[in-house]
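Heads up: the structure comes next, in structure tokens.
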Amino acid sequence: MLKVTLKGISLLILIVVLLYGGFHLWEYCTGSKYIAYLKENSETVPLDKTFTFDQLDVDIENSKLVLVGEIHGFEEPQKFDYELFTHLNSNHNVNQYYAELDFVQAIYLNRYLENGDEELLKAALRKWGVYQGRRNKDYYEKFYKFQKYYTELDEASKFIFLGVDKIQDLGLTSKYLSSLVNSAADTII
């Protein structure tokens, strides 16, 4: 029995390794032009170094696509995220922040930007799809900094969060939609 079980486990491991390796080999062969492009057109900054945004500014002036990667759950990417967006906002008039939020979470974050009510921030992030961000002080610090930055901007420079993810907090969405219905009913009466 033990011999059959070990052979079964070995066969399963072999199948997983073959599928995994085959997938990566296929991706590398069919996407090699993209891999070469990314190798030639990427800039990596170690976490302990300051990002100058010089190359980014050149790429934006040349209307190139700019992609930013991140590591969830660490302080430095949250600092970089804030610095990058505030740089784009102040130097390139970017006023929309696309985020891994649903549309109602984004509405709550936008209200938080306007009035600083931390209950709105907590409600927006309570069931956030980015699990590391739900109870991570670095994520909250980033939003605190965004709110402070937002209040210092003139009206023409203000920005908004746009939620581009599926509904993550059905309860919050239901509460928001109910408030709209109640508001519409009060208006009609």
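The values are calculated or read from the model by the stated rules, or taken from the named source; none is laboratory data. The structure displayed is predicted, hence computed values, not measured ones. Cβ sites come from the backbone with ideal geometry, for glycine too, and all protein chains shown count toward neighbours.
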Identify, from the list LEU125, LEU153, the residue that is of a type in the set (A, V, I, L, M, F, W, C), over 30 Å from ASN41 (Cα atoms) and either at pLDDT 95 or above or loosely packed, with under 14 Cβ neighbours inside 10 Å (or both).
-> LEU153
Restricting attention to the range 161-179, which residues are in contact (Cβ under 8 Å) with a residue 24 or more places away in the chain, out of contact with any Gly (no Cβ under 7 Å at 6 or more places or on another chain) and either of a type in the set (D, E, K, R) or surrounded by 13 or more Cβ atoms within 10 Å (Cβ to Cβ) (or both)?
-> PHE161, LEU162, GLY163, LYS166, ILE167, ASP169, LEU172, THR173, TYR176
Within the range 94-101, can one find any residue that is closer than 28 Å to ILE60 by Cβ, without any contact (Cβ under 8 Å) to a residue 60 or more places away in the chain and surrounded by 19 or more Cβ atoms within 10 Å (Cβ to Cβ)?
-> no
Selection count where residues are more than 13 Å from LYS158 (Cα to Cα) and at pLDDT 90 or above, scope the range 99-111 = 8
For the range 35-44, does any single residue satisfy the condition of being over 30 Å from THR86 (Cβ atoms), assigned to a helix (DSSP H, G or I) and basic (Lys, Arg)?
-> no
Please give the number of the condition ASP81 fails out of (1) loosely packed, with under 10 Cβ neighbours inside 10 Å; (2) among the acidic types (Asp, Glu); (3) modelled with pLDDT of 80 or more.
-> (1)
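Residues are listed down the side, and each one gets a yes or a no for (1) charged (D, E, K, R); (2) exposed (fewer than 12 other Cβ atoms within 10 Å of the Cβ); (3) at pLDDT below 90; (4) at positive phi:
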{"site": "GLU75", "(1), (2), (3), (4)": "yes, no, yes, no"}
{"site": "LEU113", "(1), (2), (3), (4)": "no, no, no, no"}
{"site": "GLY129", "(1), (2), (3), (4)": "no, no, yes, no"}
{"site": "ASN136", "(1), (2), (3), (4)": "no, no, yes, no"}
{"site": "TYR139", "(1), (2), (3), (4)": "no, no, yes, no"}
{"site": "PHE143", "(1), (2), (3), (4)": "no, no, no, no"}
{"site": "PHE159", "(1), (2), (3), (4)": "no, no, no, no"}
{"site": "VAL181", "(1), (2), (3), (4)": "no, yes, yes, no"}
{"site": "THR187", "(1), (2), (3), (4)": "no, yes, yes, no"}
